[in-house]
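*Asks:* Handing you this structure, nothing more for now.
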Amino acid sequence: MYKETVLPRVLEQVVNCKDDLAQYYLMDCIIQVFPDEYHLQTLETLLGACPQLQPTVDVKTVLSRLMDRLSNYAASSADVLPEFLQVEAFSKLSNAIGKVIEAQLDMPAVGAITLYVSLLTFTLRVHPDRLDHVDQVLGACVKKLSNIPKLEDSRAMKQVVALLSAPLEKYNDIVTALTLSNYPRVMDHLDIGTNKLMAMVIIQSIMKNNSCISTADKVEVLFELIKGLIKDIDGADVDELDEEDFKEEQNSVARLIHMLYNDEPEEMLKIICIVRKHTMVGGPKRLPFTVSSLVFSALRLLRQLQGQEGDIVGEEASMTPNKIFQLLTQIIESLSAVPSPELALRLYLQCAEAANGCDIEHVAYEFFTQAFLLYEEEIADSKAQVTAIHLIIGTLQRMNVFGVENRDTLTHKATGYSARLLKKADQCRAVYACSHLFWVDDQDGIKDGERVLLCLKRALRIANAAQQMANVARGSGGPVSLFVEILNKYIYFFEKGNKQITSSAIQGLIELINTEMQSDSTNPDSVADAFLASTLRYIQFQKQKGGVMGEKFESIKL
């Protein structure tokens with residue numbers, strides 16, 4: 001009765017009244033008053049009336065409300081979904097929207113896009129498995145947008161963002177969105193700011209859902225989508241971006257690189273090459289953020305290769321560790337354009353450790369050479385030099401791939417740089433750190449007690465010189481904490497069984513520190529006092545413990 005008598009008569013009245021306010025109100029009444037299943041069974045009749053309404057009627061809101069009602073109805077129960085398929089609701093709504101947009105030539109862009117957002121919401125709820133429907137809606141939107149020279153309406157822009165966000169929210173999986181061919185085409189119509197905003201939404205979706213993007217072609221599409229973040233788009237005002245926002249954006253891109261992973265080394269190498277291609281055009285401001293992630297991705301691939309050592313025989317020649325090390329060198333070299341020598345030095349040392357793990361001596365040596373060159377030529381700031389030399393010493397100490405000759409060369413370099421730092425205190429700390437290069441506590445590690453003692457004695461001489469300089473400059477002694485630090489090194493090597501470090505040497509050092517502290521009563525140093533007290537307590541504890549260690553410490557008088 002509703003289908004054959006009530007609705008046709010009511011719609012006839014609505015169309016014939018020719019009053020735009022009345023038409024809008026009456027159409028809204030029909031949609032809100034009659035039950036959902038009635039609308040579903042009479043969809044064609046109801047939609048057929050829309051293009052006949054006055055051009056000034058707000059048809060987009062009428063249609064949006066109808067689709068919202070039907071969407072909620074579809075979501076209410078799975079049993080009603082067959083009805084939607086039976087009446088072909090999607091294609092009818094899609095055709096009706098197309099006709100309305102054609103009929104209303106002066107409809108603003110925001111109106112048309114709002115309709116597409118409602119249609120997309122409808123199809124995502126009713127037919128979530130039909131990706132072709134989603135792509136069709138995005139395609140229709142692209143067609144509409146391509147007729148507009150430049151989208152400047154901020155409300156329309158918000159609707160485009162809503163259109164692009166809907167599939168991400170529905171599928172909780174960016175990989176699904178990457179299969180939609182029209183998705184990137186819609187993004188191309190966004191202005192620069194909104195494009196970046198949308199790129200951040202995509203990255204956040206990947207993070208939230210822990211999505212793993214594992215094929216090279218999907219990575220290609222993804223990086224096309226987020227290109228607003230990884231390179232300067234023509235026409236963008238580079239200077240107006242807030243520093244904090246820029247850092248957050250680039251850190252997000254760096255985190256994203258870690259989410260790209262494939263168990264197959266061949267595919268993983270392709271992914272790394274694609275990421276490299278896209279990120280290398282980012283310019284000097286972006287490179288420090290992305291290069292590190294890229295380097296660690298390549299190092300992860302290297303470990304992957306090591307784990308599959310037995311399977312590599314039949315693999316392509318491109319998948320040798322040497323090839324990956326060449327790629328790593330090229331990636332890190334790109335930082336010279338920034339320039340960012342401290343970061344490059346850290347990355348070279350990481351690669352040297354990886355080469356050590358792969359047991360490739362000449363590659364590890366080359367990475368150390370690059371690190372030393374950067375130290376010599378690029379790092380001028382004294383604080384940065386101190387950090388760099390400690391990093392070099394720490395990495396070199398963990399290396400076991402070097403033969404005697406190469407190790408001696410690098411160790412000699414490191415100790416030479418340590419003694420040439422600007423401040424005496426920094427010199428002293430770097431020199432006593434070098435003592436660890438001659439005593440590696442592994443099964444077959446180096447144990448050269450004599451050179452350890454030489455380093456510690458040299459550190460003592462430098463500490464003495466620092467003390468005298470402080471006396472001359474300030475009329476009072478410098479910090480005795482340096483002596484306490486050296487004492488701790490003596491105790492460390494004494495425990496490790498270094499025959500050159502005797503209990504009498506430790507005894508003498510304790511007496512020297514006590515003398516210095518008494519003579520420096522004008523300038524008490526609570527930190528050094530506490531440090532010394534802790535050290536002496538430790539010696540006392542070892543004496544009381546007994547056993548072999550207790551015997552060793554017994555002769556030290558406190």
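*Asks:* If the cut-off is a Cα-Cα distance under 14 Å, which aspartates and glutamates reach Lys99, setting aside same-chain residues fewer than 8 apart in sequence?
*Replies:* Glu44
*Asks:* Right, another one. Angle between the Cα long axis of helix 321-333 and the longest principal axis of the chain, 0 to 90 degrees, nearest 10?
*Replies:* 80 degrees
*Asks:* If you don't mind, there's one more thing I want to ask. What stretch of the chain, leaving out the sites themselves, is the longest with no GluC sites (Glu not before Pro) in a DSSP loop having at most 12 other Cβ atoms within 10 Å?
*Replies:* By the stated rule (loop sites, at most 12 other Cβ atoms within 10 Å), 317-558.
*Asks:* Could you report the accessible area of Cys29 in Å², rounded to 10, computed with a 1.4 Å probe on the protein chains as they sit in the structure?
*Replies:* Here the accessible area works out near 40 Å².
*Asks:* With n ≥ 4 as the cut-off for DSSP H runs, can you work out [θ] at 222 nm for the chain, using -39500 (n - 2.57) per run divided by the number of residues, rounded to the nearest 500?
*Replies:* -23000 deg cm²/dmol
*Asks:* I've got another one for you. Evaluate E = 1/(1 + (r/R0)^6) for Glu450 and Asn251, where r is the Cβ-Cβ distance and R0 equals 60 Å; express this FRET efficiency to the nearest 0.05.
*Replies:* 0.80
*Asks:* Classify segment 166-289 as rounded, prolate or oblate, taking a ≥ b ≥ c as the square roots of the eigenvalues of its Cα gyration tensor: rounded when a/c is under 1.5, otherwise prolate if a/b is larger than b/c and oblate if not.
*Replies:* oblate
*Asks:* Could you please state how large a percent of the accessible area of the chain is carbon and sulfur, counting protein chains only and using a 1.4 Å probe?
*Replies:* Carbon and sulfur: 51 percent of the exposed surface of the chain.
*Asks:* Quick check on my link table: of Lys499/Lys552; Lys277/Lys323; Lys447/Lys489; Lys208/Lys323, which ones sit more than 23 Å apart, alpha carbon to alpha carbon?
*Replies:* Going by Cα-Cα distance, Lys208/Lys323 fall outside the 23 Å limit.
*Asks:* Right, something else. So how far apart, in nm, are the two label points at Glu361 and Asp132 if each is 7 Å from Cα heading toward Cβ?
*Replies:* The answer from the label model is 6.4 nm.
*Asks:* Determine the sum of side-chain charges near Thr387: Lys and Arg each +1, Asp and Glu each -1, restricted to other residues whose C-beta is under 11 angstrom from that of Thr387.
*Replies:* Charge balance in the 11 Å sphere: -1.
*Asks:* May I ask you to derive the FRET efficiency for Lys99 and Ser382 from their Cβ-Cβ distance with R0 = 60 Å, giving the value to the nearest 0.05?
*Replies:* 0.20
*Asks:* Here is a follow-up. Rounded if a/c is under 1.5, else prolate if a/b is larger than b/c, else oblate: which is segment 423-557, with a ≥ b ≥ c the root eigenvalues of its Cα gyration tensor?
*Replies:* oblate
*Asks:* Compute the long axis of helix 481-495 from its Cα atoms, compare it with the longest principal axis of the Cα atoms of the chain, and write down the angle in degrees, 0 to 90, nearest 10.
*Replies:* Rounded to the nearest ten degrees, it is 80.
*Asks:* Same structure again: Compute the distance in nm between two label points, each set 7 Å from the Cα along the Cα-to-Cβ direction, one at Gln540 and one at Arg155.
*Replies:* So the two model labels end up 8.0 nm from each other.
*Asks:* Hey, rough spin-label estimate for Thr515 and Asp20, points 7 angstrom out along Cα→Cβ, what's it come to in nanometres?
*Replies:* Taking the simple label geometry, Thr515 and Asp20 are separated by 10.2 nm.
*Asks:* I would also like to ask the following. Could you give the dipole magnitude of the chain about its Cα centre, charging the beta-carbon of Lys and Arg +1 and that of Asp and Glu -1, in debye to the nearest 20?
*Replies:* Computed charge dipole of the chain: roughly 1680 debye.
*Asks:* So, one more: Between His412 and Gln326, what FRET efficiency comes out of the Förster formula 1/(1 + (r/R0)^6) with R0 = 30 Å and r the beta carbon distance, rounded to 0.05?
*Replies:* The formula returns an efficiency of 0.60 here.
*Asks:* Between helix 265-279 and the chain, what is the angle of the helix's C-alpha long axis to the longest principal axis, kept within 0 to 90° and rounded to the nearest 10?
*Replies:* Helix 265-279 sits roughly 80 degrees off the main axis of the chain.
*Asks:* Keeping every protein chain present and rolling a 1.4 Å probe, give me the accessible area per residue for the chain in Å².
*Replies:* 49 Å²
The values are calculated or read from the model by the stated rules, or taken from the named source; none is laboratory data. Since the structure is predicted, the reported quantities are computational estimates derived from the model, not experimental observations. Cβ coordinates were reconstructed from backbone atoms using ideal geometry, including for glycine residues, and neighbour counts include every protein chain displayed. Each accessible area value is taken on the protein alone, full model and side chains, heavy atoms only, with ligands, DNA and RNA left out. Shrake-Rupley method; radii C 1.70, N 1.55, O 1.52, S 1.80 Å.
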